[in-house]
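The values are calculated or read from the model by the stated rules, or taken from the named source; none is laboratory data. Predicted model, so just to flag it, every value in this text is computed and none were measured. Cβ atoms come from the backbone with ideal geometry, glycine included; neighbour counts cover every protein chain shown. Note: areas computed on protein heavy atoms with side chains; ligands, DNA, RNA excluded. Shrake-Rupley method; radii C 1.70, N 1.55, O 1.52, S 1.80 Å.
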Amino acid sequence: MAVLWLAVFLTSASGLSPSEEDPDSLIKNLRIEPVERRLTWDLHGNVSEIMCFINSKFITKAVNNNRYCQFHVLPSCEVKYFSISLTKGPPFLMGIQYPLQEGNPEAAARGLDCWVHDVDFLTCSWEVGREAPRDVQYHMYWQELRLPKHLQILVRGTSQGARIPCSDRTVELSEIEILNPPNITGTCNTSHLLMEWEASSHFNNRFEYELQLQKGSDPAYTEKLQEKFFELHNPRNYAARLRAKGFYRKSWSEWSAPQRFACDVGEDSPRPDWLLSALVLLATMLVLGLVILLCGRYSVLQKLFPPIPHMKDSITDNLQSGKLVAWEGSRASREDCPVAEVQVLGET
């Protein structure tokens, strides 16, 4: 965790204003021990159980044989009334104010607000007091409390001509943390879509999630989850976004950016126009390539194996008649067969 500018601050023990004390009282010298965060006193004799109050509200009972009341935190700026009383015996009440008021309360920083963000950062803001002098400068301090993950934040003002009261606030870091929206990752196939995420925090280890889902153009709906995953069966096109908060906290993170998941569920699933266009273009290119390949192959074959020229037959090409006379070998006598005149054109 980092803060722009911080310094350790411990409240001074000076400035107590005890009430009038009874000389015969068993309890005397009521006081605050700021370093120990105690309201303590001197005890003279035996008394019943002692109870401690802040602004008349019961806080705790005395410990260590009725020697003191232990507090988790003490105010550093706002004046409060600390008192004690007995559970038995005659009525008894003793109290003091702590701390002492210094300067004009209207000059103190107002609207002190702090928050944890981006996992590692603490930021505080405030406004200038309504009656603060023009040269006022404010400085922020902090101290860790004995409670785990608790801080006391203090803003003290300084001026050349006036004393400026301080402003303080005690914060539980897990309560003022603003979580980053988790990023969704997903895997899907023809049967299911599995979405997963992880929230990051130094102060919260248990989370609640709201997962908003929208299928196609259907209305969106929200699932409340504590798991870090969600599964959908037989998905198509889904859009999802997520937000988170600590389990016992009230403030939700911002919604994550919408994530879109397109899961192929077979031939019946609608295909986008760009995919159909691409398939048509691919088929056209394949047909064109096949035509070019076949044409190129025919041209090469013609070059490698040219056709043989037609051979001229000097005899059959000059026959005047294609008539043939059948010879019957069974005839007893010889017969004359008509013969056409043959003209010899040359020797080969």
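With respect to Val155, determine if the residue is on the phi > 0 side of the Ramachandran plot and open to solvent by less than 50 Å² (accessible area, probe 1.4 Å). No.
Filtering the stretch 49-65 to residues that are in contact (Cβ under 8 Å) with a residue 24 or more places away in the chain and in a strand (DSSP E or B) leaves Ile50, Met51, Cys52, Phe53, Ile54. Scanning the stretch 158-182 for residues that are of a type in the set (S, T, N, Q), part of a loop (DSSP other than H, G, I, E, B) and open to solvent by 50 Å² or more (accessible area, probe 1.4 Å) yields Gln160, Asn180. The residues listed here are Thr40, Thr123; of these, the one that is closer than 25 Å to Ile176 by Cβ, of a type in the set (Val, Ile, Thr) and either touching a strand residue (DSSP E or B) at 6+ places or on another chain (Cβ under 8 Å) or not in a helix (DSSP H, G or I) (or both) is Thr123. The single condition among (1) within 30 Å of Ser256 (Cβ to Cβ); (2) assigned to a strand (DSSP E or B); (3) not hydroxyl-bearing (Ser, Thr, Tyr) that Ile96 does not meet is (1).
Of everything in the stretch 58-79 that is closer than 30 Å to Ala108 by Cα and among the polar types (S, T, N, Q), the residue that is modelled with the lowest pLDDT is Ser76.
For the stretch 188-202: of the residues being polar (S, T, N, Q) and under 19 Å from the mean Cα position of the chain (by Cα), which is surrounded by the fewest Cβ atoms within 10 Å (Cβ to Cβ)?
Ser200
When Glu131 is tested against (1) without any contact (Cβ under 8 Å) to a residue 40 or more places away in the chain; (2) under 30 Å from Leu213 (Cα atoms), only condition (2) is not met. Just checking, does the stretch 193-201 include any residue being touching a Pro at 6+ places or on another chain (Cβ under 6 Å), among the hydrophobic types (A, V, I, L, M, F, W, C) and within 21 Å of Asp118 (Cα to Cα)? Yes; the residues of the stretch 193-201 include at least one that is touching a Pro at 6+ places or on another chain (Cβ under 6 Å), among the hydrophobic types (A, V, I, L, M, F, W, C) and within 21 Å of Asp118 (Cα to Cα). Restricting the stretch 80-103 to residues that are within 51 Å of the chain's Cα centre (by Cα) and modelled with pLDDT under 90 leaves a set whose member that is surrounded by the fewest Cβ atoms within 10 Å (Cβ to Cβ) is Leu100. Going by what's in this entry, would Ser217 be described as open to solvent by 40 Å² or more (accessible area, probe 1.4 Å), on the phi < 0 side of the Ramachandran plot, in contact with a Leu (Cβ under 9 Å, 6 or more places away or on another chain) and assigned to a loop (DSSP other than H, G, I, E, B)? Judged against the criteria, Ser217 is not a match.
How about the stretch 93-136: which of its residues are polar (S, T, N, Q) and closer than 23 Å to Glu254 by Cα? Hits for the stretch 93-136 are Thr123, Ser125.
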